[in-house]
Amino acid sequence: QVQLVESGGGLVQPGGSLRLSCAASGFTFSTYAMSWYRQAPGKERELLVRISSTGGTSTYVDSVKGRFTISRDNAKETVYLQMNNVKPEDTAVYYCNVNPPLYDSASSSRIWGQGTQVTVSS
């Protein structure tokens, strides 16, 4: 079945860096675009960045442009998010996802991983 497993989160000081990973399985990874989302406490989940299936094109929201970089390794079926110059407002649970979305066949729910917590604090 489809699985998305995020890792790499943690506590980081403002201005620091962190690299998140998302290991995917259960679908043909190399044929799908991938995205990173985040959800801060009390807020809706927001899309941050999307990368094409080949990795040749990526699109960022303004709030992370120039600080975050998405990449992917199709051989390893993994997508990454390099986070530089992080800010307290980057504190959130970070999720990767598939584009177009994939859904659980039994529940019809969109498939998400468990996410990885990033906390930016001094």
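Identify, by number, the condition in (1) surrounded by fewer than 19 Cβ atoms within 10 Å (Cβ to Cβ); (2) on the phi > 0 side of the Ramachandran plot; (3) not hydrophobic (A, V, I, L, M, F, W, C) that Ser25 doesn't meet.
Only one criterion in (1) surrounded by fewer than 19 Cβ atoms within 10 Å (Cβ to Cβ); (2) on the phi > 0 side of the Ramachandran plot; (3) not hydrophobic (A, V, I, L, M, F, W, C) is unmet by Ser25, namely (2).
Can you say whether Ser35 is surrounded by 15 or more Cβ atoms within 10 Å (Cβ to Cβ) and over 16 Å from Thr119 (Cβ atoms), as far as the supplied structure shows?
yes
Could you list, in sequence order, the residues of the stretch 1-60 that are closer than 13 Å to Glu77 by Cβ and within 11 Å of the chain's Cα centre (by Cα)?
Leu4, Val5, Ser21, Cys22, Ala23, Met34 - these are the residues of the stretch 1-60 that are closer than 13 Å to Glu77 by Cβ and within 11 Å of the chain's Cα centre (by Cα).
I'm trying to understand the selection: among the residues of the stretch 8-22, which are surrounded by fewer than 16 Cβ atoms within 10 Å (Cβ to Cβ) and in a strand (DSSP E or B)?
Result: Gly10, Leu11, Arg19.
Count, please, the residues in the stretch 52-62 that happen to be assigned to a strand (DSSP E or B) and in contact (Cβ under 8 Å) with a residue 12 or more places away in the chain.
Qualifying residue count, the stretch 52-62: 2.
Considering only the stretch 63-122, give the strands (runs of 3 or more DSSP E) lying wholly within it that have at least 1 residues that are free of Cβ contacts under 8 Å to residues at least 24 places away in the same chain and surrounded by 15 or more Cβ atoms within 10 Å (Cβ to Cβ).
So the answer is 68-73.
Computed from the coordinates by the stated procedures, all read-outs in this text should not be read as laboratory data. Quick caveat, the model's predicted, so the values are computed rather than measured. Ideal geometry is used to build each Cβ from the backbone, glycine not excepted, and the neighbour counts take in all protein chains shown.
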